[in-house]
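Novice: This is the structure, below, for whatever I ask next.
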Amino acid sequence: MPDPFFDIPARLVAEPTPGDNAAAMSVGELSNKLKRFVEGEFGHVRLRGEISGYKRVASGHCYLCLKDDAAVIDGVIWKGQASQLAFRPEDGIEVIATGRLTTYPGRSKYQVIIDRMELAGAGALMALLERNKARFDAEGLFAKSKARAPLPFLPRRIGVVTSPTGAVIRDIIHRLEDRCPSHLLVWPVKVQGDGAANEVAAAIRGFEALPESQRPDLIIVARGGGSIEDLWAFNEEAVVRAVAGCSIPIISAVGHETDTTLCDYAADLRAPTPTAAAELAVPVLADLRLTVSAHAQRMERCSRRHVERGRERLDALARHLPSRDRLLGPQRQRIDDLGARLDRGLERRVVRARGALDRTGAVLRPALLARRIEGARQRLEDLGRLLASVDPDAPLARGYARVTARGGATLTSAATAKAAGAVTLHFRDGTVDAKVDGARPRAATGDAPAQPLLF
């Protein structure tokens, strides 16, 4: 039984048209042929149009549309080319894009692969400049210049971010030598073209990252005059953010007096020219010397005037002081009075002393003095006899002995002698060391008391 889903009526089967013997082409084959044809015919194109729908994806590639009043074409900027753009693309900017035309078979559309892109004329540049200026100002990147913190009066080291081969660095060096020779640190950078903005921003951050002993006290970002395209690197976001975020004071000296860049708004101070930046950076050394000399003279005059006025005040005070005789007269008179009173007092003292001496002589008569001496001798003899009677060694002459411990303490009982163990016997003619062997109790009879056995 035939399958109803695959039973196709014969009338629906395509039949070759007479004379049409070409083979059917696949969609992929057609897409590849179109791709080769388009890329062969339009391998290099240069388009002018307005950017629309610009976006940068996480991979780093950029997608956008270029349009005018008649048509729209898609565009792609690969990551490598996007990093080399001299400006940041934004919607509404008119640009000139250079690249090649190709197709995207996945969506059956054609697009331009952009290798290089530039702003289309000064008008577009100024419009982009004003938009970026408003955006950066809203973010507060220009607040640093509005605060206008004072620059260091006499910087020890000055950093310069500029081209090392141009006339700008020579003008700065010559002006500094004329005004006040200073220690100059030059960070060479490109000031125009691809990569210039990144080099300038890296130089500013590099100065700030130096050790404290090498870091400049002031930075000058300088470039000579030129067109808005030539100065565009100093309008880039990288430079503006580096200048605004730098903790070191910065003088922006980009272009001539009529040239204004966004770097000028972000810096602490704008100089009309690089030469003027050198003048703003340091004072005139000769003027400083004159000022110091003038201050020294004024200080000397002030010191001299102070001494003169002090001498005048001293003379005036001296004139008001009384004479020496008037000041010392009463004191001299008082001294004379005290001297006279002293003489009289000494005389009275001598008289009283002589009277006391006479009375003492009357008391000390020879007979009375002899009786006092005899009484004192009798008391002394009584004390001598009393001392002899209480001498512990006096009985030794009658055959007694005094017992002491080895430490010198006198022993008065058999128990203390036994406890001591070793004793010393004191005789009339010397001492004998002995050991106590034992002690017998005292007899109950009237015999002599028992003595410790000594050997």
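Novice: Any residue at all in the stretch 396-409 that's part of a helix (DSSP H, G or I) and modelled with pLDDT of 80 or more?
Specialist: Here is the first cut: in the stretch 396-409, the ones part of a helix (DSSP H, G or I) are 396-398.
Okay, now just the ones that are also modelled with pLDDT of 80 or more, so none.
Taking every residue of the stretch 396-409 in turn, none turns out to be part of a helix (DSSP H, G or I) and modelled with pLDDT of 80 or more.
Novice: Let me ask another. Find the residue count for the stretch 245-268, including only residues that are more than 27 Å from Ser213 (Cα to Cα), part of a loop (DSSP other than H, G, I, E, B) and among the aliphatic types (A, V, I, L, M).
Specialist: Counting residues in the stretch 245-268 that are more than 27 Å from Ser213 (Cα to Cα), part of a loop (DSSP other than H, G, I, E, B) and among the aliphatic types (A, V, I, L, M) gives 0.
Novice: When Arg88 is evaluated against the numbered criteria (1) of a type in the set (Lys, Arg); (2) over 55 Å from the mean Cα position of the chain (by Cα); (3) modelled with pLDDT under 85, which criterion, by number, is the only one it fails?
Specialist: (2)
Novice: In the stretch 260-283, what residues are of a type in the set (Ser, Thr, Tyr) and more than 31 Å from the chain's Cα centre (by Cα)?
Specialist: First pass over the stretch 260-283, keeping only residues of a type in the set (Ser, Thr, Tyr): 260-261, 265, 273, 275.
Within the stretch 260-283, Thr260, Thr261, Thr273, Thr275 qualify.
Novice: Filtering the stretch 409-428 down to residues that are among the aliphatic types (A, V, I, L, M) and in contact (Cβ under 8 Å) with a residue 24 or more places away in the chain, which residue is nearest to Pro395 (Cα to Cα)?
Specialist: The residue in question is Leu425.
Novice: Taking the residues in the stretch 142-196 that are modelled with pLDDT of 90 or more and among the hydroxyl-bearing types (Ser, Thr, Tyr) as candidates, determine which candidate is nearest to the chain's Cα centre (by Cα).
Specialist: Looking at residues that are modelled with pLDDT of 90 or more and among the hydroxyl-bearing types (Ser, Thr, Tyr), I get Thr162.
Novice: I would also like to ask the following. Leu364 - would you say it is modelled with pLDDT under 80 and out of contact with any His (no Cβ under 6 Å at 6 or more places or on another chain)?
Specialist: Working: modelled with pLDDT under 80: yes; out of contact with any His (no Cβ under 6 Å at 6 or more places or on another chain): yes.
Yes: the conditions hold for Leu364.
Novice: Here is a list of conditions, (1) of a type outside the set (A, V, I, L, M); (2) touching a strand residue (DSSP E or B) at 6+ places or on another chain (Cβ under 9 Å); (3) touching a residue at least 12 places away in the same chain (Cβ under 8 Å), and Glu236 meets all of them except one; can you say which number that is?
Specialist: Of everything listed in (1) of a type outside the set (A, V, I, L, M); (2) touching a strand residue (DSSP E or B) at 6+ places or on another chain (Cβ under 9 Å); (3) touching a residue at least 12 places away in the same chain (Cβ under 8 Å), Glu236 misses just condition (2).
Novice: Based on what the data block shows, is Leu218 at pLDDT below 90, of a type outside the set (Asp, Glu) and in contact with a strand residue (DSSP E or B) (Cβ under 8 Å, 6 or more places away or on another chain)? I'd like the intermediate steps shown before the answer.
Specialist: On the way: at pLDDT below 90: no; of a type outside the set (Asp, Glu): yes; in contact with a strand residue (DSSP E or B) (Cβ under 8 Å, 6 or more places away or on another chain): yes.
Judged against the criteria, Leu218 is not a match.
Matching residues to (1) buried (at least 24 other Cβ atoms within 10 Å of the Cβ); (2) over 28 Å from the mean Cα position of the chain (by Cα); (3) charged (D, E, K, R):
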| residue | (1), (2), (3) |
| --- | --- |
| Arg205 | no, no, yes |
| Pro216 | no, no, no |
| Val240 | yes, yes, no |
| Ala244 | no, no, no |
| Ala253 | yes, yes, no |
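Novice: Report yes if some residue within the stretch 269-277 is farther than 16 Å from Leu129 by Cβ, in contact with a strand residue (DSSP E or B) (Cβ under 8 Å, 6 or more places away or on another chain), of a type in the set (Lys, Arg) and not in a helix (DSSP H, G or I); otherwise report no.
Specialist: There is no residue in the stretch 269-277 that is farther than 16 Å from Leu129 by Cβ, in contact with a strand residue (DSSP E or B) (Cβ under 8 Å, 6 or more places away or on another chain), of a type in the set (Lys, Arg) and not in a helix (DSSP H, G or I).
Novice: Find the residue count for the stretch 218-227, including only residues that are crowded, with 22+ Cβ neighbours inside 10 Å and small (Gly, Ala, Ser). Steps first, answer last, please.
Specialist: Of all residues in the stretch 218-227, those crowded, with 22+ Cβ neighbours inside 10 Å come to 218-223.
From the residues that got through so far, the ones that are small (Gly, Ala, Ser) too are 222.
Of the residues in the stretch 218-227, 1 are crowded, with 22+ Cβ neighbours inside 10 Å and small (Gly, Ala, Ser).
Novice: How many of the residues in the stretch 86-105 are surrounded by 17 or more Cβ atoms within 10 Å (Cβ to Cβ) and without any contact (Cβ under 8 Å) to a residue 60 or more places away in the chain?
Specialist: The total comes to 6.
The values are calculated or read from the model by the stated rules, or taken from the named source; none is laboratory data. For clarity, every value in this text was computed on a predicted model and none was experimentally measured. Every residue, glycine as well, gets a Cβ built from its backbone with ideal geometry; the counts of neighbours run over all protein chains shown.
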